[in-house]
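Colleague: Starting off with a structure, shown below.
Derivation of every value follows stated rules applied to the coordinates shown; laboratory data play no part. Note that the structure is a prediction, hence the values are computed from the model and not measured. Every residue, glycine among them, receives a Cβ derived from its backbone with ideal geometry; neighbour counts consider all protein chains shown.
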Amino acid sequence: MKPISAGSNLYDILGVRASATSEELKCAYRKLALIHHPDRNANSADSTVRFTVILNAYRVLSDTQTRQEYDAMARSPESRMPTFRSYSPVGQTATRTEALHHLNFILWDIEDFIRAKHNPDQSTTDKPIGDYLLMMLSFIDRWVLEKAGFPDYFHQARKITPAAGNVPTLHAGTIRPGSVHRPYANLEDYFYAIRMRSDKLISAAKLVDLLAQVPGKSVRLIDCILEAHNYCAHYLGGLRGIVSGRIDDITPFHHSNECYDE
């Protein structure tokens, strides 16, 4: 069985074709689990991160609805989600890269969506497109960057305490602060601030950092990264469906852990 690739999509991670049947997915997952399960590898950090990535891929692709949502985003002509690529060497550096590229790839797709200049005020039956993009960026901000120690220091530097749970919203393409002050004039500014901090995380994080428990929560940083990937894939696929006219609205994303709903 080939090791998973730093340029992998979820099908690559399991080593199957995009047309794989449910039985083929299950067989591939079981073979990988026999190799990479932490219990078979002295619970090493490398095997723990690698198996977490494999398990997430299987959970997404083995469920009909989440697989359809993932395919809607990953197979879009506008998507930069990777196709089948050469496989990377096995080792801690490769495993770290495999995990962190989940964040990298989703940010590329968000950036491409923003650069396409879709009207952020275009409405679905629920909310404007721009608000969905802000939901995704805010989730990455709160559940990945802040938890990894790369928060937005704007509030701290100005001794501002933002209201808990609030998310900035858009109006005519401009972020309106409401009760949460943001130093960003528009969605693009907020995205690039997120991108800069994400690049720092991707450059600096070690395997042991990915396995760190989020204080007061039952999730680890690697779980937050994969949740952000799945969350954004769900809404990006929905937004592309709305822009293309295939669908009228986006169903809510169901988190894997109730802590993400807080």
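Colleague: When GLU258, GLU146, GLU69 are ordered from fewest to most other Cβ atoms inside 10 Å of their Cβ, what list results?
Modeller: GLU258, GLU146, GLU69
Colleague: What pairs in LYS26/LYS206; LYS147/LYS200; LYS127/LYS147 have C-alpha atoms more than 19 Å from each other?
Modeller: Table pairs above 19 Å Cα-Cα are LYS26/LYS206; LYS127/LYS147.
Colleague: Related question: Going 7 Å from the Cα of GLU258 along its beta-carbon direction, which residues of segment 208-252 have the amide nitrogen within less than 13 Å of the resulting point?
Modeller: 218
Colleague: Kindly put ASP12, ASP63 in sequence by how many other C-beta atoms sit within 10 Å of each C-beta, fewest to most.
Modeller: On the way: ASP12 21, ASP63 13.
Going from sparsest to densest Cβ surroundings: ASP63, ASP12.
Colleague: Hey, fewest Cβ within 10 Å first, where do THR52, THR66, THR21 land in order?
Modeller: THR21, THR66, THR52
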